[in-house]
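First the structure, in the form of structure tokens, and then the observations on it.
The values are calculated or read from the model by the stated rules, or taken from the named source; none is laboratory data. In this text, all values refer to a predicted model and were calculated from it rather than measured experimentally. Please note: Cβ atoms are built from the backbone with ideal geometry, for glycine as well, and neighbour counts cover all protein chains shown. Areas reflect the complete protein model, heavy atoms only, side chains present, ligands, DNA and RNA absent. Shrake-Rupley method; radii C 1.70, N 1.55, O 1.52, S 1.80 Å.
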Amino acid sequence: MRELLLVVHILSVIVWLGCGLYELFLTYELKKARGTNLELDLMRFYLKYSAPVPIATLLVAMTGATMAIVLDWGFFQQFWLGTKQVLMVGVLIIFASVIPPFIKLGGIVKSLPADVTALPEEAAVLFDRIEPWLVVMRIMGALAVFFAVFKFG
Ligand code: HEM
């Protein structure tokens, strides 16, 4: 049971941060392509393959909480694990606040007529508002890896 939970926990972290790094590269290209037809194509690509990151983030939280309960680690009992749990609470709060604008962004892009070749300003502004928070979540996830491996405290 422990091994299976830990495997899913660690694989989910790999997907969250690995896809997160890839999204960072895509965001760099998106910003470089601002106002060109390529911007809309890249945004469609970004949205099409965006689901694994939120799913993996939730899997990290769920497997982590299950391990904390089933393996008797508890919550906010050890410094290293408590810090990870605080980081995850922060990630989940940001997560809850970026999901609605992200869904709105997806809806704008999806509803564009086929002859539209540029990303509407409203969508670009929404993305610019969401994106820095995605980076903050990734940094918090990477920080949690250090606490998980070094088990400080
Ligand atoms: C915030 C993002 C998180 C990351 C990046 C992360 C990463 C990891 C990693 C890499 C390990 C393996 C460490 C090792 O075997 O040396 C681990 C173990 C563990 N994690 Fe997480 N974790 C996160 C969040 C959580 C949360 C929120 C909880 C609990 C609510 C949690 C509970 C645990 C437990 C209990 C273990 C140890 C299991 C054991 O060895 O028996 N993790 N985590």
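The table for this structure:
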| quantity | calculated |
| --- | --- |
| Pick from the stretch 9-26, criterion surrounded by fewer than 18 Cβ atoms within 10 Å (Cβ to Cβ) and more than 18 Å from I139 (Cβ to Cβ), ranking: farthest from the ligand (Cβ to nearest atom) | L11 |
| Failed item, numbered, when I69 is tested on (1) in contact with a helix residue (DSSP H, G or I) (Cβ under 7 Å, 6 or more places away or on another chain); (2) modelled with pLDDT of 95 or more; (3) within 11 Å of the ligand (Cβ to nearest atom) | (1) |
| When residues of the stretch 114-153 are limited to those that are out of contact with any helix residue (DSSP H, G or I) (no Cβ under 8 Å at 6 or more places or on another chain) and open to solvent by less than 70 Å² (accessible area, probe 1.4 Å), the one nearest to the ligand (Cβ to nearest atom) | P132 |
| Some residue of the stretch 65-76 being without any contact (Cβ under 8 Å) to a residue 40 or more places away in the chain and among the polar types (S, T, N, Q) | no |
| Residue check, W80 closer than 17 Å to F152 by Cα and part of a helix (DSSP H, G or I) | yes |
| Index of the failed condition, G90 passing every other in (1) within 16 Å of the ligand (Cβ to nearest atom); (2) surrounded by fewer than 18 Cβ atoms within 10 Å (Cβ to Cβ); (3) farther than 19 Å from I139 by Cβ; (4) not aliphatic (A, V, I, L, M) | (3) |
| Criterion violated by A65 - all others in (1) assigned to a helix (DSSP H, G or I); (2) under 17 Å from the mean Cα position of the chain (by Cα); (3) surrounded by 13 or more Cβ atoms within 10 Å (Cβ to Cβ) satisfied | (2) |
| Residues that are more than 16 Å from the ligand (Cβ to nearest atom), surrounded by 15 or more Cβ atoms within 10 Å (Cβ to Cβ) and closer than 23 Å to I139 by Cα, drawn from the stretch 27-61 | T27, L30, M43, Y46, L47, S50 |
